[in-house]
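J.: The structure under discussion is supplied below as structure tokens; questions concerning it will follow.
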Amino acid sequence: MFFVSWPLPPAIEWPKFLRLLRNPAPPAGWLEAASELEDLKKRPLLLRWIAQHPKAPAHLRARLLPRLPWRALAAVAMDASAHPQARNFATERLQNLWPGLTLGERRALAPMAPKPLWRLIWKVPDARVLQAFLQNPRLHESSLLALFHAPLQPSQLEALSNSLWKEQEAVALRILQLLDETLQMPESGVVLGHAAHWIKVLEPEARLLASTGLRHPALRRMARAHADRVMEEFGL
């Protein structure tokens, strides 16, 4: 049995107790005792702070982490201060839970999802989930481009065209390259009009250069026409 030198509720107020949960050096046995509080058992979002604590014993972490809901798991997975084993477990658990989440839950999780979930999210045929994902603060241009592959889906194009990435030339160029492949797949659901925005993002010279590598005749003509029109307007 451990000697617990720090008080627990109801001996202390909950705000003070919650601050103690974030203390990096609790006395031996205090985290285990805290996890047995009946009020805490009813608040799995608070159990997160014990489960992820760097000083939590492995057996306690193994007991608590499987009880956490997806929101708490996402918080653990993205918290750099959490124990590495806790972050790894939380990430793996989220991957297993993903197929059973509702669209609303997926939309809420997407902006804070850890990187191992990104490919799963990118395949969701729902523009609202994808738009939420594109706001993930850890998503960088290189990691976004790595997700792109043909065939592009209409939901992906819709989400991108309404995101912070919609004016990025590297994104536009890669999308045009993949649209070139996708438009040759009759079952894709993508139409030529999806290319208009991405062509306009490019500078005229970049449009001309991009058009030389496009194989789809209508897409190639469209890119060339946009480039010629802008060059004529500016007398280039």
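J.: Using a Gaussian network for the chain with springs between C-alpha atoms less than 10 Å apart, which of these wobbles most: Pro27, Pro114, Pro69?
T.: Of Pro27, Pro114, Pro69, the Gaussian network model singles out Pro27 as fluctuating most.
J.: Sticking with this one: State, as an integer percentage, the relative contact order of segment 102-236 based on alpha-carbon contacts under 8 Å between residues 6 or more apart. Please list the in-between numbers first.
T.: Values: 151 pairs, mean separation 24.6, N = 135.
That works out to 18 percent.
J.: Oh, and also: Given a 10 angstrom Cα cut-off, can you work out which residue in Asn96, Asn88, Asn23 is the most mobile in a GNM of the chain?
T.: Asn23
J.: Between Ser163, Pro9, Met78, whose Cα lies farthest towards the positive end of the dipole of the chain when Lys and Arg beta carbons carry +1 and Asp and Glu beta carbons carry -1, centred on the Cα centre?
T.: Pro9
J.: Computed from the mean reciprocal separation of all distinct C-alpha pairs, what Kirkwood hydrodynamic radius does segment 1-122 have, in Å?
T.: Working: mean 1/r = 0.0662 Å⁻¹.
Across segment 1-122, the inverse of the average 1/r is 15.1 Å.
J.: Right, here's the next one. Explain nothing, just the number: dipole magnitude of the chain about its Cα centre with +1 on each Lys and Arg Cβ and -1 on each Asp and Glu Cβ, in debye rounded to the nearest 20. Spell out each step's value before the answer.
T.: On the way: 30 positive and 21 negative charges, 162 e Å.
The dipole magnitude comes to about 780 debye.
J.: A further question on this structure: Return the FRET efficiency for the residue pair Ile12, Asn88: r is the Cβ-Cβ distance, R0 is 41 Å, and the value is rounded to the nearest 0.05. Present the calculation step by step, with values, prior to reporting the outcome.
T.: Values: r = 32 Å, r/R0 = 0.79.
The pair Ile12/Asn88 has a calculated efficiency of 0.80.
J.: Can you give me the Rg/Rh ratio for segment 102-236, using Cα atoms for both radii and the Kirkwood formula for Rh? Show your work: numbers first, answer last.
T.: Values: Rg = 15.7 Å, Rh = 15.5 Å.
Reported Rg/Rh, Kirkwood definition of Rh: 1.01.
J.: What order do you get for 35-48, 5-18 when each peptide is scored by the mean count of other beta carbon atoms within 10 Å, highest first?
T.: Numbers: 35-48: 14.9, 5-18: 12.6.
In decreasing order of mean packing, 35-48, 5-18 become 35-48, 5-18.
J.: Let me have the 222 nm mean residue ellipticity of the chain computed from DSSP H runs of 4+ only, each contributing -39500 (n - 2.57), with the sum over all residues rounded to the nearest 500. Before the final figure, lay out each step's value.
T.: Values: 16 runs with 136 residues, N = 236.
Helices in the chain give a 222 nm mean residue ellipticity of -16000 deg cm²/dmol.
J.: Work out the length of the dipole vector of segment 38-166 about its Cα centre, built from +1 on the beta-carbon of each Lys and Arg and -1 on the beta-carbon of each Asp and Glu, and round it to the nearest 20 debye. Walk me through the intermediate numbers first.
T.: Numbers: 19 positive and 8 negative charges, 83 e Å.
Roughly 400 debye, rounded to the nearest 20.
J.: OK, next. Using 7 Å Cα-to-Cβ label points, what is the His197/Ala218 separation (nm, one decimal)?
T.: The modelled label-to-label distance comes out at 1.9 nm.
J.: Right, something else. Please tell me the relative contact order of segment 53-124 in percent, rounded to the nearest whole number, where contacts are Cα pairs under 8 Å and at least six residues apart. Can you show the working numbers first?
T.: Details: 50 pairs, mean separation 22.2, N = 72.
Over segment 53-124, the number comes to 31 percent.
J.: Just in segment 155-213: which GluC sites (Glu not before Pro) are loop by DSSP and have at most 11 other Cβ atoms within 10 Å? Show your work: numbers first, answer last.
T.: Details: sites: Glu158, Glu167, Glu169, Glu181, Glu187, Glu205; in loops: Glu167, Glu187.
Here the sparse-neighbourhood loop sites are Glu167, Glu187.
J.: Put +1 on the Cβ of every Lys and Arg and -1 on every Asp and Glu Cβ in segment 60-188; which of Leu134, Pro66, Thr182 then has its Cα farthest towards the positive end of the dipole?
T.: Working it through, the farthest residue towards the positive pole turns out to be Pro66.
J.: Same structure, new question: Want the number for Lys55 to Ser143: 0.36 nm per residue separation, take away the alpha-carbon distance, what's left?
T.: Working: separation 88, 0.36 × 88 = 31.68 nm, distance 3.28 nm.
Extending this stretch completely gives an extra 28.4 nm.
J.: Contact order normalised by length for the chain, with contacts defined as Cα pairs under 8 Å and 6 or more residues apart; what percent is it?
T.: Numbers: 268 pairs, mean separation 23.4, N = 236.
Contact order relative to length: 10 percent.
J.: What is the local net charge at Gly104, summed over the other residues whose Cβ is closer than 11 Å to its Cβ (Lys, Arg +1; Asp, Glu -1)?
T.: Working: positive: Arg106, Arg107, Arg128; negative: Glu105, Asp126.
Here the count lands on +1.
J.: Within the chain, how many Lys pairs that are eight or more residues apart, or on different chains, come under 23 Å at the alpha-carbon?
T.: Lysine pairs meeting both conditions in the chain amount to 9.
Where a number appears in this text, it was derived from the coordinates with a stated rule and is not lab data. None of these values were measured; they are calculated from a predicted model. All Cβ positions, even for glycine, are placed from backbone atoms using ideal geometry, and neighbour counts span all protein chains on display.
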